[in-house]
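Here's the structure, in structure tokens; my notes come after.
Read the figures in this text as sums done on the coordinates, not as results from a lab. Given the structure is predicted, the values throughout are model-derived calculations rather than measurements. Backbone-built Cβ (ideal geometry, glycine too); neighbour counts: all protein chains shown.
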Amino acid sequence: MIKILQKNKCCACQACANICPKHCISMQADSEGFLYPRVDKTICVNCNLCEKVCPILNKPQTFPVLQAYAAKHKNSEIKLKSSSGGIFTALAKVILKEGGIVFGAAFDKNWNVIHTYAENIEDLDKLRRSKYVQSDIGKTYQQAKIFLEKDRKVLFTGTPCQIAGLRNYLGKEYQNLLTAELFCHGVPSPAVWQKFLAENTQKQQITSIDFRYKRFAWDASFLNITYKDGSCLPSAPRFLFPLLNAKKGFLFRNFYHLYYGISNLYERPSCHECHFKGLDKMADFSIGDLWGVQQTYPALYDKQGISAIFLNTAKAKAIFNTLSLQTKSIDIQKITKYNPYVLTSVKPHPKRAEFFKRYKTENFNKLLKELLNIKSPVYECLIRLVIKIKRK
Ligand SMILES: Cc1cc2nc3c(=O)[nH]c(=O)nc-3n(C[C@H](O)[C@H](O)[C@H](O)COP(=O)(O)OP(=O)(O)OC[C@H]3O[C@@H](n4cnc5c(N)ncnc54)[C@H](O)[C@@H]3O)c2cc1C
């Protein structure tokens with residue numbers, strides 16, 4: 001029976017809850033807002049399937065990276081609608097065209113992030129774009145298996161641990177299954193996300209959320225929230241926007257810290273000791289941003305977005321040339337140099353424990369400002385201007 005003795009040894013893939021023949025494993029949120037399995041011992045028959053499918057206890061067979069590419073979708077509109085270069089959409093469209101199903105992360109009506117699926121192009125948009133919050137897998141492994149057994153093609157996308165959980169749950173390779181894992185920095189807490197929304201937005205009025213709104217450029221994107229009346233958050237005067245550089249982050253720095261979990265204040269404990277780092281991959285494809293492109297391959301820079309993609313299996317190689325992408329073979333080392341979390345786990349922020357001790361009772365923005373030593377936007381604006389002038 002699955003026992004979580006150390007929280008960093010559970011990634012919440014939910015393979016255990018999906019496989020349990022007695023349905024006696026439920027996922028419960030802890031005080032940090034992360035899900036962990038809880039077994040109803042009165043029903044459990046000690047079959048131990050839950051332990052067998054746990055990808056941390058039993059890591060599935062890995063795939064070495066075979067080839068690496070810079071890639072972007074051929075269609076500008078799709079690039080703008082996607083967080084990176086639109087690779088996910090290119091893959092999804094091939095599967096949907098063949099009558100297949102695409103699994104990925106979407107918002108539910110309360111803006112929680114959950115795994116679900118799309119069966120047609122119109123439905124695909126909900127899965128598009130990165131949501132920087134841990135998604136709840138729910139019973140999607142069971143749903144995927146049903147489609148696979150009916151000989152439908154399935155594309156399953158998610159974090160590497162979610163793909164590892166799926167493969168262990170399925171227990172065998174399916175020719176009609178294609179998997180794509182994201183380069184993953186780590187997943188922030190769903191409870192912190194909801195606290196942020198409750199204190200900073202009129203949640204009931206929200207119609208869309210884009211963690212990486214690319215109004216100016218892919219590498220200067222920011223969290224953008226749109227309301228029913230057409231107004232947006234951040235609500236700063238638009239003339240200020242060109243000054244924004246979300247990468248360094250100043251005006252909306254607290255949004256940025258939240259969306260990328262870049263502060264590492266509120267990521268899942270298992271992300272700090274991730275079992276799925278390195279160049280031995282879980283999925284057919286690995287996809288992420290081609291950070292550092294201006295240093296490594298300046299000619300490939302595209303302000304609408306550019307991705308890095310690894311082909312890890314023969315299946316991936318076979319389908320790659322059929323995708324609606326512009327591609328160029330590139331050096332793996334140049335990708336990982338600017339995307340170090342492909343190889344190593346993020347370190348927790350030294351004030352992580354303090355954050356979780358205080359976050360439920362204190363104001364989110366104030367707490368973040370104090371723990372991360374964030375100065376006022378005006379102050380940060382001035383500092384940046386001074387630095388810019390000095391550089392010139
Ligand atoms: C939590 C998280 C951390 C990431 N960390 C990095 C990183 O450190 N470096 C890097 O280069 N790239 C990272 N990425 C990946 C990157 O943000 C893009 O998702 C990726 O490049 C695909 O972009 P796209 O333009 O091809 O497709 P898009 O349409 O932008 O992406 C959609 C895909 O992302 C999946 N997805 C969205 N949110 C989640 C979620 N919460 N959990 C699981 N799957 C999700 C969807 O299911 C779909 O497959 C991360 C993504 C997430 C969600």
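Computed from the Cβ-Cβ distance with R0 of 25 Å, the FRET efficiency linking residue 27 to residue 277 stands at 0.55. Here the Karplus relation 6.51 cos²θ - 1.76 cosθ + 1.60, evaluated at θ = phi - 60°, turns the backbone of the range 40-49 into coupling constants of 7, 5, 6, 9, 4, 10, 6, 6, 6, 4 Hz, with x for every Gly and Pro. Qualifying GluC sites (Glu not before Pro) in the range 18-107, where qualification requires a DSSP coil assignment and no more than 14 other C-beta atoms within 10 Å, comprise 98. Taking other residues whose beta carbon is less than 14 angstrom from the beta carbon of residue 347, and scoring Lys, Arg as +1 and Asp, Glu as -1, yields +2. 3J(HN,Hα) couplings calculated from phi for the range 202-215 with the Karplus curve 6.51 cos²θ - 1.76 cosθ + 1.60 (θ = phi - 60°) are, in sequence order, 9, 4, 5, 8, 6, 10, 7, 10, 10, 5, 9, 5, 9, 4 Hz; Gly and Pro show x. Hey, got a sec? Which chymotrypsin sites (Phe, Trp or Tyr not before Pro) in the range 161-190 land in a DSSP loop and have at most 13 other Cβ atoms within 10 Å? Within the range 161-190, no chymotrypsin sites (Phe, Trp or Tyr not before Pro) qualify (loop, at most 13 other Cβ atoms within 10 Å). Here the Karplus curve 6.51 cos²θ - 1.76 cosθ + 1.60, taken at θ = phi - 60°, turns the phi angles of the range 172-181 into couplings of 7, 7, 10, 5, 8, 9, 10, 10, 9, 9 Hz, with x standing for Gly and Pro. Near the amide H of residue 223, within less than 5 Å, lie the amide hydrogens of 213, all on another chain or at least 5 residues away, with H placed in the peptide plane.
Per residue, the chain reaches -8000 deg cm²/dmol at 222 nm when only DSSP H runs of four or more residues are counted, each adding -39500 (n - 2.57). In summary, the lysines within cross-link reach of residue 81, defined as a Cα separation below 17 angstrom excluding same-chain residues under 8 places away, comprise 72, 93, 126, 131, 214, 303. Listed by chain and number, the lysines whose alpha-carbon sits under 21 Å from that of residue 366, ignoring those within fewer than 8 places in the same chain, are 195, 203, 248, 351, 357, 375. When only Cα pairs below 8 angstrom with a gap of at least 6 residues are kept, the range 7-53 shows a relative contact order of 39 percent. For residue 369 and residue 52, what does the FRET efficiency come to when R0 = 56 Å and r is the distance between their Cβ atoms, rounded to the nearest 0.05? Plugging the Cβ-Cβ distance into 1/(1 + (r/R0)^6) gives 0.75.
A Förster distance of 41 Å, applied to the separation of the beta-carbon atoms of residue 41 and residue 389, puts the FRET efficiency at 0.05. Taken about its Cα centre, the chain carries a charge dipole of roughly 1000 debye when the Cβ of each Lys and Arg holds +1 and the Cβ of each Asp and Glu holds -1. For the chain, the relative contact order is 21 percent, taking Cα pairs closer than 8 Å that sit 6 or more residues apart in sequence and dividing their mean separation by the residue count. Placing pseudo-labels 7 Å out from each Cα toward the beta carbon at residue 7 and residue 226 gives an inter-label distance of 3.7 nm. Taking label points 7 Å from Cα along the Cα-to-Cβ direction, residue 314 and residue 175 give a separation of 1.2 nm. About its Cα centre, the dipole of the range 7-53 is roughly 140 debye, where the only charges are +1 on Lys and Arg Cβ and -1 on Asp and Glu Cβ.
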